[in-house]
Amino acid sequence: MSRTRVYLVRHGQVEGHEEKRYNGQADVALTPQGRAQYGLLEVRLRNKPLTAVYSSDLSRCLEGAHLLARGRGVAPVARADLRELHIGDWERRTWRELQEAFPEEWQARLADIVHYRIPGGETLAELSERARRAVGEIVAAHPGEEILVVGHGALNRVILLDAIGAPLSQVFHLGQDYGCLNIIDYHADGRSVVALLNG
């Protein structure tokens, strides 16, 4: 039975990584270490028969997608629906700043991580819905192929939770390190299997 294999990676390390900060859909730059992490991924994926490369349209992903697609005869396809969770008014602020400025809102979000909406942003449930739709379209366009998707921490987590049928409330139970590799097999009968997590 045919299956589509998705190599799902998280972008490399970004500037300001040493502070816990919500970058959201802000366009932050990679560090030299972040670029080196993409170089390691390029080595790991070198012999994989990738037929397509998809990426968030934010530069921290798209820069890596171009590197990983190099020499394959495929151009990365940038998709806005593969962006990180839109964190609204909390974008580019550190966790400490937010806990001090919005203690009640911070606790409210922790109490309902799936449905709480930060002003100007989207809920985790909405992120999951757009991610599921995007991945569904990508997989449907490449039956039986092996493809690469370059994404973000929260985006990748909701894709992985959907693949294993786990609830969104478990989103922080999955690790997604900078420059990590995940592998998901989507089978023609509708099954999906996570073959590698945060590798």
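The values are calculated or read from the model by the stated rules, or taken from the named source; none is laboratory data. Quick caveat, the model's predicted, so the values are computed rather than measured. Ideal geometry is used to build each Cβ from the backbone, glycine not excepted, and the neighbour counts take in all protein chains shown. The protein model used for the area step is the full one, side chains on, heavy atoms only, and it has no ligands, DNA or RNA in it. Shrake-Rupley method; radii C 1.70, N 1.55, O 1.52, S 1.80 Å.
Before moving on, here are some points about what is shown:
- Yes/no for R44 being open to solvent by 80 Å² or more (accessible area, probe 1.4 Å) and within 23 Å of S192 (Cβ to Cβ): yes
- Subset tally (residues that are open to solvent by less than 10 Å² (accessible area, probe 1.4 Å) and either part of a loop (DSSP other than H, G, I, E, B) or in contact with a Lys or Arg (Cβ under 8 Å, 6 or more places away or on another chain) (or both)) for the range 160-180: 3
- Subset of the range 83-104 [open to solvent by less than 50 Å² (accessible area, probe 1.4 Å) and either closer than 18 Å to E146 by Cβ or in contact with an Asp or Glu (Cβ under 7 Å, 6 or more places away or on another chain) (or both)]: L85, T94
- Taking the range 122-179 as the range and being touching a Phe, Trp or Tyr at 6+ places or on another chain (Cβ under 7 Å) and either without any contact (Cβ under 8 Å) to a residue 24 or more places away in the chain or over 18 Å from V6 (Cβ atoms) (or both) as the test, only T123 passes.
- Annotation: R109 fulfils all but one of (1) more than 30 Å from Y7 (Cα to Cα); (2) under 16 Å from the mean Cα position of the chain (by Cα); (3) basic (K, R); the unmet one is (2).
- Scanning the range 53-63 for residues that are more than 18 Å from C180 (Cα to Cα), of a type outside the set (F, W, Y) and either crowded, with 23+ Cβ neighbours inside 10 Å or in contact with a strand residue (DSSP E or B) (Cβ under 7 Å, 6 or more places away or on another chain) (or both) turns up at least one hit.
- Taken over the range 138-159, the criterion of being open to solvent by 30 Å² or more (accessible area, probe 1.4 Å) and not charged (D, E, K, R) is satisfied by A140, A141, P143, G144.
- G71 meets the conditions (1) loosely packed, with under 14 Cβ neighbours inside 10 Å; (2) within 25 Å of V193 (Cβ to Cβ) in every case but one. The failed one is (2).
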